[in-house]
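Okay, structure first, notes after.
The values are calculated or read from the model by the stated rules, or taken from the named source; none is laboratory data. The structure displayed is predicted, hence computed values, not measured ones. Every residue, glycine among them, receives a Cβ derived from its backbone with ideal geometry; neighbour counts consider all protein chains shown. Ligands, DNA and RNA are excluded from the accessible area calculation, which covers all protein heavy atoms including side chains. Shrake-Rupley method; radii C 1.70, N 1.55, O 1.52, S 1.80 Å.
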Amino acid sequence: DDRFYLKSIHGQESTKLIFASFLIGIHATVYAILADEVAKAIVISVRGTLSLEDVVVDLQCLPQELSEVGRKCDFEGSGHYCHSGILSRGKWMYEDIRKRRILHEVFSRGSPYENYDLVIVGHSLGAGCACILATMMRHIYPRLRCF
């Protein structure tokens with residue numbers, strides 16, 4: 001359906017919007033999942049600080065140990081810490097994507113995207129959320145890249 005395509009700078013329809021969440025809260029954050037048909041990548045893009053809720057999350061800067069998240073996501077989190085607001089949003093995105101089975105469907109056998117790479121990006125607050133989300137997803141998608 002053409003209404004889900006975004007125009008590139010050169011006017012080519014090379015990026016398809018797969019999913020977007022516009023929920024905003026202390027845990028919920030705005031993100032989108034896109035298919036970049038030129039780069040052959042599924043891209044999770046996380047919005048940076050824009051709303052008052054985002055500012056509140058930015059201020060939740062106490063370090064939180066990653067041991068619990070590490071056990072759940074198969075990495076050694078003991079002795080490693082994350083900004084508590086960023087961790088809260090990263091966990092929310094991880095669960096939202098898992099619950100909706102978005103990536104499961106995108107990468108399923110027979111999908112036109114089954115052999116695409118996974119890339120996670122963000123800016124500002126979104127960059128921190130992208131980093132922790134990538135850390136949490138690496139055990140499922142070992143080739144994923146985060147920028």
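Taking the Cα centre of each part, how many Å lie between region 53-78 and region 19-46?
One Cα centre to the other: 20 Å.
Just the number, please: carbon plus sulfur as a percent of the accessible area of region 1-145, 1.4 Å probe, no ligands or DNA/RNA counted.
The C+S portion of the solvent-accessible surface of region 1-145 is 55 percent.
On average, how much accessible surface per residue is there in the chain, in Å², for a 1.4 Å probe, leaving out ligands, DNA and RNA?
Per residue, the chain has 57 Å² of solvent-accessible surface.
Share of antiparallel DSSP beta bridges in the chain, in percent to the nearest 5?
70
Taking the mean number of other Cβ atoms within 10 Å as a proxy for protection, how do you rank 21-32, 54-65 from highest to lowest?
21-32, 54-65
Glu53 to Val121: FRET efficiency via 1/(1 + (r/R0)^6), r the Cβ-Cβ distance, R0 30 Å, to the nearest 0.05?
0.90
For a Förster distance of 25 Å, can you work out the FRET efficiency between the beta-carbons of Lys72 and Ala41, rounded to the nearest 0.05?
The value I calculate is 0.45.
Measure off 7 Å from each Cα along the Cα-to-Cβ vector at Phe107 and Arg143, then give the distance between these two points in nanometres to one decimal.
The two pseudo-label positions are separated by 1.0 nm.
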